[in-house]
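*Asks:* Supplied in structure tokens, the structure appears directly below.
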Amino acid sequence: MDVRITVPALRAHKVAGGRLPLVMVTAYDAPSARMVDEAGADLILVGDSVAMVVLGYDDTLHVGVADLAHHTAAVARTLPRALVVTDMPWLSYHRDRADTVGNAGALVRAGAAAVKLEGGRSRVGMVEALVDAQIPVMGHLGLTPQSVHVMGGFKVQAREEEAAKALVDDARALVGAGVFAIVLEGVPAEAAAEVTNAVDVPTIGIGAGPHCDGQVLVFHDLLGLQDQLAPRFVRRYAELKAEGVKALATFASDVRMGAFPTSTESYHRSRPPR
Ligand code: KIV
């Protein structure tokens, strides 16, 4: 059996140190977790993107700790080799340290090995409280979807030099507080490279160009399970929605034409003994 991936094994994972880029993919239930794990990903992210790609909301603000715990438990039950990281949902780490630790604890008890939270210097106190409670933390900087209303939409961040410098300062502050990795979302490739060079923990990019220590994509985007407009950083490796609709339409047509089920797809009465 493969050895399960741990936080200490990832903490110093830098491409500049000769390591291969890390692979992280989201999953929200047992079948998606099994697929991601069997494909050999290093990390499974139970993202609050579940609100958008599974539950049909327009943003990530509509899920809470109980929702994320429910999805984390489904993923963790598959006992993946990959490290399970769960998003702390909006308002679950914004009030006080006790509340933050309690919420993260619920996610760990559901099966997460680490939690991810959005924000930089303003989150240092909460990161320290979590690390003090023995809960590993992944940071998330740049386009932070929980700030959608403050950003005025899902907009690329840190395009200007000043903002890119602030991004580096935020990353350094998070590392000082004890994060073991940082997601960089929706930032120019140059800014992501600066952050990656400035910190000794891995950066994992999404819409952040190639100069990160790993890449993450959302399961439903990567597999084409949804066909809404995708941002430019999404590469679809399959068109599973189209495949699925085709299969479902064939089923419907078979049922209507009496072609399903056949005799071999049916159970039959036992023959009386002779
Ligand atoms: O929730 C999520 O899927 C994420 C990724 C976009 C990194 O946070």
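*Asks:* Looking only at region 188-213, count how many residues are out of contact with any helix residue (DSSP H, G or I) (no Cβ under 8 Å at 6 or more places or on another chain) and not in a helix (DSSP H, G or I).
*Replies:* 3
*Asks:* What residue, among those in region 149-173 that are closer than 25 Å to residue 197 by Cβ and outside any helix (DSSP H, G or I), is least open to solvent (accessible area, probe 1.4 Å)?
*Replies:* 158
*Asks:* Restricting to region 231-263, and then to whatever is within 16 Å of the ligand (Cβ to nearest atom) and open to solvent by 40 Å² or more (accessible area, probe 1.4 Å), can you tell me which residue is farthest from the chain's Cα centre (by Cα)?
*Replies:* 232
*Asks:* Name the pairs whose Cβ atoms lie under 9 Å apart, with the first residue in region 196-216 and over 17 Å from residue 26 (Cα atoms) and open to solvent by 10 Å² or more (accessible area, probe 1.4 Å), the second within 11 Å of the ligand (Cβ to nearest atom) and aromatic (Phe, Trp, Tyr), and 6 or more positions between them or separate chains?
*Replies:* Filtered contacts from region 196-216: 209/233.
*Asks:* Would a scan of region 114-125 turn up a residue that is in contact with a Phe, Trp or Tyr (Cβ under 6 Å, 6 or more places away or on another chain), within 13 Å of the ligand (Cβ to nearest atom) and in a strand (DSSP E or B)?
*Replies:* Within region 114-125 (the criterion being in contact with a Phe, Trp or Tyr (Cβ under 6 Å, 6 or more places away or on another chain), within 13 Å of the ligand (Cβ to nearest atom) and in a strand (DSSP E or B)), the answer is yes, since at least one residue qualifies.
*Asks:* Please list, ordered by residue number, the helices (runs of 4 or more DSSP H) wholly in region 1-111 having 1 or more residues that are more than 17 Å from residue 220 (Cβ to Cβ), open to solvent by less than 20 Å² (accessible area, probe 1.4 Å) and hydroxyl-bearing (Ser, Thr, Tyr).
*Replies:* By residue number, 65-76, 97-110.
*Asks:* If you don't mind, there's one more thing I want to ask. Look through 228, 146, 134 and report the one residue that is part of a loop (DSSP other than H, G, I, E, B) and either open to solvent by less than 40 Å² (accessible area, probe 1.4 Å) or modelled with pLDDT of 95 or more (or both).
*Replies:* Result: 134 is the single residue among 228, 146, 134 that is part of a loop (DSSP other than H, G, I, E, B) and either open to solvent by less than 40 Å² (accessible area, probe 1.4 Å) or modelled with pLDDT of 95 or more (or both).
The values are calculated or read from the model by the stated rules, or taken from the named source; none is laboratory data. None of these values were measured; they are calculated from a predicted model. Heads up, the Cβs are rebuilt from the backbone with ideal geometry, glycines too, and the neighbour counts pull from every protein chain shown. To get the accessible areas, we keep the full protein, side chains included, count just its heavy atoms, and leave off ligands, DNA and RNA. Shrake-Rupley method; radii C 1.70, N 1.55, O 1.52, S 1.80 Å.
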